[in-house]
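The values are calculated or read from the model by the stated rules, or taken from the named source; none is laboratory data. Everything quoted here is computed from the prediction, not taken from an experiment. Using ideal geometry, Cβ is built from the backbone for each residue, glycine included, and neighbour counts are taken over all protein chains shown. To get the accessible areas, we keep the full protein, side chains included, count just its heavy atoms, and leave off ligands, DNA and RNA. Shrake-Rupley method; radii C 1.70, N 1.55, O 1.52, S 1.80 Å.
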Amino acid sequence: MTATATIAPATGSPGGGRPRRHYGTHLFLVTMAVMWLVPLLWTLYTSLRPKAVTDKYGYWSLHGSINLDNFTAAWTQGGMATYFGNTLLITVPSVVLTLVLASMMAFAVSRFSWKFNLTLLVLFTAGNMLPPQVLAAPLFEMFKNTPLPYSISSSGTLLDTYYAVIAVEVAFQLGFCTFVLANYMKALPGGLTEAAQVDGASVWQQYSRIILPLSRPALAALGTLEVVWLYNDYFWPLLFIHSGDRLPITTGITNLQGQFLLDYNMIAAGATITVIPTLVVYLALQRHFVAGLTLGASKD
Amino acid sequence: MALPPSTPSAIPSDSRLNRRTLLKGIGGVTTALAAAPLLAACSGGSPQAAKSANATSLGSGLSDPVPRSAIQAMVDAYKSKSGATVKMNVMPRAQLVDNISSYLQSNPEDVITWFAGYKMRYYAAKGLLAPVDDVWEKIGGNFSEGLTTASQGDDGKKYFVPNYNYPWGFFYRKSLWAERGYKVPGTFDAFLALCAQMKKDGLIPIAFADKDGWPAMGTFDYLNMRTNGYQFHVDLCAHKESWDQQKVKDVFDNWKALLPYQDKAALGATWQEGARTMTGKKSGMYLIGAFIAQDVSDKAILADLDFFPFPAIAVEGTDAIEAPIDGFVLSKRGGSNKTAKDMLAFFGSGAGQDAYAAKDASNLQTAKDANTSSFSELNRKGAAAISGAKHISQFFDRDALPAMANNVMIPALQGFLKDGTIDTRNLEAQAKSLYAAE
Amino acid sequence: MSVMPQTTLPSAAAAPADVSVPPARSGRVRRLSGRDRLVLGLMVGLPTLIQVVLVWIPTLLSVGLSFTKWNGLNLADIRPAGLSNYTYAAQEYPPFWPAVAHNIIWLAFLALVATPIGLLLAVLLDQKIRGTRLYQSIFFTPVMLSMVMVGIIWQLVYARNEGLLNNLLGTAGTPGAVDWFGDSDVNLWAALVATTWRHAGYIMVLYLAGLKGIDPSLREAAALDGANAWQMFFRVVFPVMRPINIVIVVITIIEALRAFDIVYLINKGTNGLELLSVLVIQNLVGVGQVIGVGSALAVILLVISLGPIVYYLVRTFRRAD
């Protein structure tokens, strides 16, 4: 990064060589940054002001007190704790399953060569890119007609269960993760597993003791990315979950909107609460998230 | 918080972070394993409870604060009377209505808040609802003949228990009208003249809101009934009449005369936002159901509300009224639950309906033994209007095929509000295709 | 799609017969033990089974259902309908052509406005300028949010009387206030601005990663030749970035076809916000369930999507073998 920065004379250097070249750039960037931040700050500001205050002074004003009442109200009245719990119940198994299955698949197609290697990889990648709406009706009907005992599903079918959401999330994310991991594993030196093989290591041992540990960075990046994506997913729970108290947060937040109709302060508070976990991930694991995004794109 | 150089090859160098994330990963697996039984618990639960001797569940689309507390009071009254446990699932009204088909097919509660009309008969005919004839043996004497008929499916069995109904009409603030000297118009011409006067006075003559698509159907229903009569309206809804005929075009021609007086911002506004322009005296009147009172928290404004029937146009004067009936249906699975039926019987009694009405005074109880002594003047007037009407319609989206109402009429009416054009030939083509698919 | 039947072959029993260690890598081919073959078979078979059952079979079922009439309630009610669902969609169904137009506008806007903004930000921030990390973090934040959250946040900005925008314009509370998400003349553009807020940051991150990977000596050489910033970008950087450029083109197209959440949140994709993806869902799961028509629309969406998908796959995998 330092290397990239010092070589381009046209772009100047921090040592003070030709700083004037950047005034226009900064002006543009600051303008854009303000435009990018304003919606977030407006949301935060609205959420901090009691409804009574905005009713009195209007939303566009600096008058009146500021407190966290909307947050506690949105949290309790909106039942957001339940939504967050549901998100956890969907996201954690989905991400773990996706990574386990994708790493196995990637290992098999990248470290061994056999007939349908490429075909499968192509199919997996293509599946990930389909618009989910294309699969909606058949999946709905398949799940509706899959009977389950009432002891594990109150609907008696796969509908309105987390199993349905998790299964489809896993199937849909498998393609992307397999693609990324296969590329990553292909880049690992072939001698690693070869030597292990000579020592009599089984396929499972090669996978679990050699390739998987070496793939940790890619798994960490994908894990972060998938957590955020699944946290943000709206569509599949919308399609399969029909009990209000089983919705995950991103789908549930839209109920809040119906519930707090016209109460923009409460909606803003609910939105802010929903954004917080993503921001925590952002601050703590940004590099993994970005790495995950770009791993898929910057294949060579 | 630097953005890292993020080519794949650049990543393995940082092993410190990797270890940390791996630990996190292990934590994740543990959580996942721990979550598995929890997951089962969350996806299960209710049916066992529902099947145990004295428990049932209620899926409610009454999500606005007033009706929400009212249905809660109704359920509480049943709970204290019977000692049963009732699990409530309150979802936004639009969610219940839009997803009713998938909801009924997937995991519905035993008892569900629903509506009379084709919208009930349709799902009954598809086998998604359970008949409640045994409940009607107990409550039958409580209801008028009209309500009894309205609770029947196409096979003659009962599938519905009425709770309340409410009239649709033009609501307005008496004080504003007195101040400006407006008079209730009896004919369409007088009505248009009044609108013109209001516009001149700087008001939006008719408050209007159609973001959710259904409110505009109220205007269509009345215009059609007043222009072509009740029977034609019902036959059109059932697609026994063609949409591509002069009678339907006449309806929209009459509507065109109203368009300049209806709030231009309708397409972005919910019915509550529309109500506020009227209660805030920015608009003169509002064609809406009596449930508008739910959204008025100020007692003084509530006492200032009045309504008049949609004026006469061509036929039958003001004989027909739009007065939808809201109530309850039993899901297929709830059909085997005695407690659910017991609760429905309570909901069909005066005691049950009074518990509801105590919290939501905007609607009118339907049971004969309900207590109407607490009726407001507005309620009494509404009840009189309904009992005096020769014909009662439900509402377009309750009288017509759901796909027709939802997929065809909503966009067609929204398009009409936008530019004043309607393609009746296309309406007929779509109706043909949709009704044929049934 | 023609390769579909093959995916059923690598089941636990069939696949291992073909498996061998790649000669190029190991130099010696060793037959795997029965247990290893079973393990490998499971490693491939299980994910493949999930993929086939939950992605590819439903896709084929969608195609099949598009030639039927069905209300979605009882399997026995399915009746053949030939091509009638397609003719209905194209000739009778009023929202169809507006939805196609809106998808095209969506794509054009992303391609001509949102993506270029992302590219511009990436190129500017690739320079060693003060605060580049802070800028990057700011532009990147919306990428972390779901489209639902983007919609809710912008609803607060766009609200007719309470929103930030109309207050800034001074029209809030007056009859002249524009209802940004409600007025069908502007709501598509308002939704696109909100989408750009997120999309541009996404593109920026991808492109920035690519820029950082460029061999510095290339730029040095160009600089020595006296290339200005403009020439540097279009003659040196852009051509080297070809693989990333392809990814960005594909992402832009796919995102335009997948757009759903934000318009569904605003008004369920009606009144000026019709998109193909929403029409599919309205016909499939809404109160007016018409599975045949919904599936026909889904197939149309599928066929359009296959274009960029196949383009990308060919580009990506051609060099692999």
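Some points to look at:
- Selection status of residue C:250, crowded, with 19+ Cβ neighbours inside 10 Å and over 30 Å from residue A:286 (Cβ atoms): no
- Check on residue B:223, closer than 22 Å to residue B:321 by Cβ and open to solvent by less than 10 Å² (accessible area, probe 1.4 Å): yes
- Count - residues of the range A:35-44 that are free of Cβ contacts under 8 Å to residues at least 40 places away in the same chain and more than 9 Å from chain C (Cβ to nearest Cβ): 1
- Whenever a residue of the range C:237-248 is over 14 Å from residue C:213 (Cβ atoms), its partners that are among the hydroxyl-bearing types (Ser, Thr, Tyr) and surrounded by fewer than 21 Cβ atoms within 10 Å (Cβ to Cβ), lying with C-beta atoms within less than 9 angstrom and at least six residues away or across chains, give the pairs C:246/C:311; C:246/C:312; C:246/C:316.
- Subset tally (residues that are open to solvent by 20 Å² or more (accessible area, probe 1.4 Å) and hydroxyl-bearing (Ser, Thr, Tyr)) for the range A:227-236: 1
- Members of the range A:194-213 found to be out of contact with any Phe, Trp or Tyr (no Cβ under 9 Å at 6 or more places or on another chain) and assigned to a helix (DSSP H, G or I), listed by number: A:194, A:195, A:196, A:197, A:198, A:204, A:205, A:208, A:209, A:210, A:213
- When the residues of the range B:237-275 are filtered to those that are touching a Gly at 6+ places or on another chain (Cβ under 7 Å) and over 26 Å from residue B:64 (Cα atoms), the one that is surrounded by the most Cβ atoms within 10 Å (Cβ to Cβ) is B:259.
- When residue A:183 is tested against (1) touching a residue at least 40 places away in the same chain (Cβ under 8 Å); (2) within 12 Å of chain C (Cβ to nearest Cβ); (3) of a type outside the set (Ser, Thr, Tyr); (4) open to solvent by less than 10 Å² (accessible area, probe 1.4 Å), just one condition goes unmet, and that condition is (4).
- On the stretch given as the range B:318-342, residues that are in a loop (DSSP other than H, G, I, E, B) and open to solvent by 30 Å² or more (accessible area, probe 1.4 Å) total 3.
Results for (1) touching a helix residue (DSSP H, G or I) at 6+ places or on another chain (Cβ under 9 Å); (2) within 23 Å of residue C:39 (Cβ to Cβ); (3) among the aromatic types (Phe, Trp, Tyr); (4) at pLDDT below 90, shown as yes or no for each residue.
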{"site": "A:117", "(1), (2), (3), (4)": "yes, yes, no, yes"}
{"site": "A:144", "(1), (2), (3), (4)": "yes, no, no, yes"}
{"site": "A:164", "(1), (2), (3), (4)": "yes, no, no, no"}
{"site": "A:186", "(1), (2), (3), (4)": "yes, yes, no, yes"}
{"site": "A:194", "(1), (2), (3), (4)": "yes, yes, no, yes"}
{"site": "A:199", "(1), (2), (3), (4)": "no, yes, no, yes"}
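- The criterion of at least 1 residues that are over 30 Å from residue A:137 (Cβ atoms) and under 22 Å from the mean Cα position of the chain (by Cα) is met by the following strands (runs of 3 or more DSSP E) wholly inside the range B:90-181: B:161-165, B:168-173.
- Contact map, the range B:63-90: first residue more than 14 Å from chain A (Cβ to nearest Cβ), second residue among the β-branched types (Val, Ile, Thr) and not in a helix (DSSP H, G or I), Cβ cut-off under 6 Å, separation 6 or more or different chains; pairs are B:75/B:86; B:79/B:86; B:86/B:56.
- Any hit, the range C:148-164, residues being more than 7 Å from every other protein chain (Cβ to nearest Cβ) and open to solvent by 50 Å² or more (accessible area, probe 1.4 Å): yes
- Single condition residue B:213 does not satisfy, out of (1) in the same structural domain as residue B:403 (by TED's automatic domain parsing); (2) surrounded by fewer than 20 Cβ atoms within 10 Å (Cβ to Cβ); (3) out of contact with any Phe, Trp or Tyr (no Cβ under 7 Å at 6 or more places or on another chain): (2)
- Matching residues in the range C:64-89 - criterion: being in a helix (DSSP H, G or I) and not aromatic (Phe, Trp, Tyr): C:64, C:65, C:75, C:76, C:77, C:84, C:85, C:87, C:89
- 2 or more residues in contact (Cβ under 8 Å) with a residue 24 or more places away in the chain and away from chain B (no Cβ under 14 Å): qualifying helices (runs of 4 or more DSSP H) within the range A:62-170: A:69-77, A:80-111, A:117-129
- Selection count, the range A:237-293, where residues are open to solvent by less than 20 Å² (accessible area, probe 1.4 Å), without any contact (Cβ under 8 Å) to a residue 40 or more places away in the chain and not in a helix (DSSP H, G or I): 0
- Summed over the range C:268-321, the residues that are open to solvent by 20 Å² or more (accessible area, probe 1.4 Å) and either of a type in the set (Asp, Glu) or within 14 Å of chain B (Cβ to nearest Cβ) (or both) give a count of 5.
- Test for residue C:203: is it farther than 24 Å from residue C:107 by Cβ and either open to solvent by less than 10 Å² (accessible area, probe 1.4 Å) or not in a helix (DSSP H, G or I) (or both): no
- Counted as qualifying within the range B:355-438 are the helices (runs of 4 or more DSSP H) with 2 or more residues that are at the interface with chain C (Cβ under 10 Å from one of its Cβ atoms) and modelled with pLDDT under 90, namely B:410-419, B:424-436.
- Evaluation of residue C:61 against the conditions (1) within 12 Å of chain A (Cβ to nearest Cβ); (2) touching a helix residue (DSSP H, G or I) at 6+ places or on another chain (Cβ under 7 Å); (3) open to solvent by 30 Å² or more (accessible area, probe 1.4 Å); (4) assigned to a loop (DSSP other than H, G, I, E, B) shows that the sole unmet condition is (4).
- Residues in the range A:46-58 that are open to solvent by 20 Å² or more (accessible area, probe 1.4 Å), over 18 Å from residue C:172 (Cα atoms) and assigned to a helix (DSSP H, G or I): A:48, A:52.
- Enumeration of residues in the range C:122-147 that are open to solvent by less than 30 Å² (accessible area, probe 1.4 Å) and of a type in the set (D, E, K, R): C:126
- Residue under evaluation residue A:206, criteria (1) under 20 Å from the mean Cα position of the chain (by Cα); (2) modelled with pLDDT of 90 or more, criterion not met: (1)
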